[in-house]
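Below is one structure; the comments refer to it alone.
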């Protein structure tokens, strides 16, 4: 990404994280919901937010976040007054931590089964 899109993505990540903690009161979104990454299109019209949900119902939380995307976008617009247009938000479940744990478990299993010399 370019400098402007990187800077915009970082700002969106910071602001949306604060919105999730302080303003969004949805029982389907657990308190341990984290924005892990944000990608913004080159024209700054679309943002994809990767979300990690600790324990439990990830898909349910993603559906709730996508349903609340309008509210989150309006709250984001209030925070980012200097932006001409606020990107349309899309939330996606980030399974990278879960995937990393699975790989670690496989590597540990291989190391445990390896004969020691």
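Between 0 and 90 degrees, rounded to the nearest ten: what's the tilt of helix 96-113 against the longest Cα principal axis of the chain? Helix 96-113 sits roughly 10 degrees off the main axis of the chain.
Bridges between two residues of region 3-113, per DSSP, are antiparallel at a rate of about 55%. Once divided by 2.2 N^0.38 Å, the Cα radius of gyration of region 3-113 becomes 1.22. The label-point distance for residue 104 and residue 3, in a model that sets each label 7 Å from Cα toward Cβ, rounds to 3.7 nm.
At R0 = 30 Å, how high is the FRET efficiency between residue 32 and residue 112 if r is their beta carbon distance? Nearest 0.05 is fine.
Here the calculated transfer efficiency is 0.45.
Can you give me the C-alpha center-to-center distance between region 6-51 and region 91-114, rounded to a whole angstrom? What the calculation gives is 25 Å, centre to centre.
Where a number appears in this text, it was derived from the coordinates with a stated rule and is not lab data. What you see is a predicted model; the values in this text were computed from it and never measured. Don't worry about glycine lacking a Cβ; one is built from the backbone with ideal geometry, like all the others, and counts go over all protein chains shown.
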